[in-house]
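A short worksheet on the structure shown next.
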Amino acid sequence: VTARTALVAARARRDVLRMFEAHPAGHLGGAMSALDIVSVLYSDVLRVDPEDPRRPDRDRFILSAGHKAMAQYAALAEAGFFPAGLLDEYGTHRTRLGGHPDMHKLPGVEANTGALGHGLSIAAGVALGTMLEGFESRVFVLLGDGELPEGSNWEAAAFAAHHHLDNLIAIVDVNGLQISGPTAEVLSMEPIADKFAAFGWQTTAIDGHDLGEIRDAVSSERVGGRPLAVIARTIKGKGVSAVEGTAASHYWKPDHGALAAAIREADERVAELAHRGELVR
Ligand SMILES: Cc1ncc(C[n+]2csc(CCOP(=O)(O)OP(=O)(O)O)c2C)c(N)n1
């Protein structure tokens, strides 16, 4: 990927931490595990126009795991859907940037999500709709592994394969954890790729923090009119040393020192990448 995308992802990670610092509530762990995926989508993949966010022929991104909203807010700001200053509103009274995304309040948000298990159905419907209207739009949807036990996902999976929705790309953010502990202990859905394949989907597995792998996987050649499921292995709380890879990152109640350290690390990473970009230019 370009140096620009790496810088965008680093800035988005820092922005999420700053939002969280100003209003330490919300689902930090899941936002951080999805953040590289969401950043690559907005920076390198989605054909969207921030000046005309509802263009009928646009690609769509639906954050099925709506609790990861902070990642989407940072990526939308980076992509120019609204000024970065709006991120300061996160978590305030009557904010447009609530704990879950709201399509009626924020440009670029395509669906109100947060009740898990609905995004894939919405995405499949939109994918069929755009196809029937003759648009080339692609529909990307991000799910969490802890979300997959919702039965509605599998109705949507069958529907998408039946209708040959090869414009539908589901990315599963598999950090192996959910609210209360390891997904494998709460309700295991492994092997996830085999389940999607059994429903008639094309599948691929990637490292969900490797920006190049993310871009290549979501843009990969489609065979036989099948929808694509990208199984992305990730780390919950990525970039926050104090809680990286723990269920405690889910709804972290930070002590100031640990959060300040994470912000310092994120700032350093941004400065390093910006410096490297200047050298390349
Ligand atoms: C229908 C529904 N049930 C329960 C919840 C509460 N909830 C919020 S996040 C979450 C865990 C989801 O796990 P996962 O999708 O793996 O997210 P991650 O661990 O990546 O944050 C749950 C159960 C919800 N939002 N919606």
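The values are calculated or read from the model by the stated rules, or taken from the named source; none is laboratory data. Keep in mind it's a predicted model, so treat the numbers as computed, not measured. So basically every Cβ, Gly included, is an ideal-geometry build from the backbone, and we count neighbours across all protein chains shown. Quick note on the areas: whole protein, heavy atoms, side chains included, nothing else; ligands and nucleic acids left out. Shrake-Rupley method; radii C 1.70, N 1.55, O 1.52, S 1.80 Å.
Condition first: within 11 Å of the ligand (Cβ to nearest atom), in a helix (DSSP H, G or I) and touching a Lys or Arg at 6+ places or on another chain (Cβ under 9 Å). Now tell me which residues in region 7-34 satisfy that.
To start, the set of residues in region 7-34 that are within 11 Å of the ligand (Cβ to nearest atom) comprises 26-34.
Next, only the ones that are in a helix (DSSP H, G or I) stay: 28-34.
Listed by number, the residues that qualify are GLY29, GLY30, ALA31, MET32, SER33, ALA34.
Scan region 146-156 residue by residue and report those that are within 13 Å of the ligand (Cβ to nearest atom) and either open to solvent by 10 Å² or more (accessible area, probe 1.4 Å) or outside any helix (DSSP H, G or I) (or both). Show your work before the answer.
Going through region 146-156, the residues within 13 Å of the ligand (Cβ to nearest atom) turn out to be 146-153.
Of everything in region 146-156, those that are within 13 Å of the ligand (Cβ to nearest atom) and either open to solvent by 10 Å² or more (accessible area, probe 1.4 Å) or outside any helix (DSSP H, G or I) (or both) turn out to be GLY146, LEU148, PRO149, GLU150, GLY151, SER152.
Within region 235-261, the set of residues being more than 11 Å from the ligand (Cβ to nearest atom) and small (Gly, Ala, Ser) comprises GLY239, SER241, ALA242, GLY245, ALA248, GLY257, ALA258, ALA260, ALA261.
Taking region 157-264 and the strands (runs of 3 or more DSSP E) fully enclosed by it, the elements with 3 or more residues that are touching a residue at least 60 places away in the same chain (Cβ under 8 Å) and within 18 Å of LEU63 (Cβ to Cβ) are at 168-174, 228-233. All told, GLY91 falls short of being in a loop (DSSP other than H, G, I, E, B), open to solvent by 10 Å² or more (accessible area, probe 1.4 Å) and within 16 Å of the ligand (Cβ to nearest atom).
If the condition is being in contact with a helix residue (DSSP H, G or I) (Cβ under 6 Å, 6 or more places away or on another chain) and assigned to a loop (DSSP other than H, G, I, E, B), then region 51-81 contributes SER64, ALA65.
Would you mind stating whether ASP44 is under 23 Å from ILE235 (Cβ atoms) and crowded, with 22+ Cβ neighbours inside 10 Å?
On the way: under 23 Å from ILE235 (Cβ atoms): yes; crowded, with 22+ Cβ neighbours inside 10 Å: no.
No: the conditions fail for ASP44.
Do we have LEU143 as within 29 Å of SER249 (Cα to Cα), in contact with a helix residue (DSSP H, G or I) (Cβ under 6 Å, 6 or more places away or on another chain) and within 13 Å of the ligand (Cβ to nearest atom) here? Here the answer is no, as LEU143 does not meet what is asked.
So for region 86-95 (the condition being within 23 Å of SER33 (Cα to Cα) and at pLDDT below 95), does at least one residue qualify? Yes, region 86-95 has at least one match. Can you tell me which residue is least open to solvent (accessible area, probe 1.4 Å) among those in region 102-115 that are over 24 Å from PHE196 (Cα atoms) and within 16 Å of the ligand (Cβ to nearest atom)? Result: ASP102. For region 17-31, the count of residues that are in contact (Cβ under 8 Å) with a residue 12 or more places away in the chain, touching an Asp or Glu at 6+ places or on another chain (Cβ under 9 Å) and under 21 Å from PHE140 (Cα atoms) is nonzero. In this structure, does SER64 turn out to be crowded, with 24+ Cβ neighbours inside 10 Å, of a type in the set (Gly, Ala, Ser) and closer than 20 Å to ALA111 by Cβ? So SER64 fits the description; yes.
For residues in region 116-137 being of a type outside the set (Gly, Ala, Ser) and touching a Leu at 6+ places or on another chain (Cβ under 8 Å), which is most open to solvent (accessible area, probe 1.4 Å)? Ranking the candidates gives MET131 first.
I'd like to verify a number: residues in region 177-205 that are within 17 Å of the chain's Cα centre (by Cα) and either within 16 Å of the ligand (Cβ to nearest atom) or at pLDDT below 95 (or both), how many? Qualifying residue count, region 177-205: 2.
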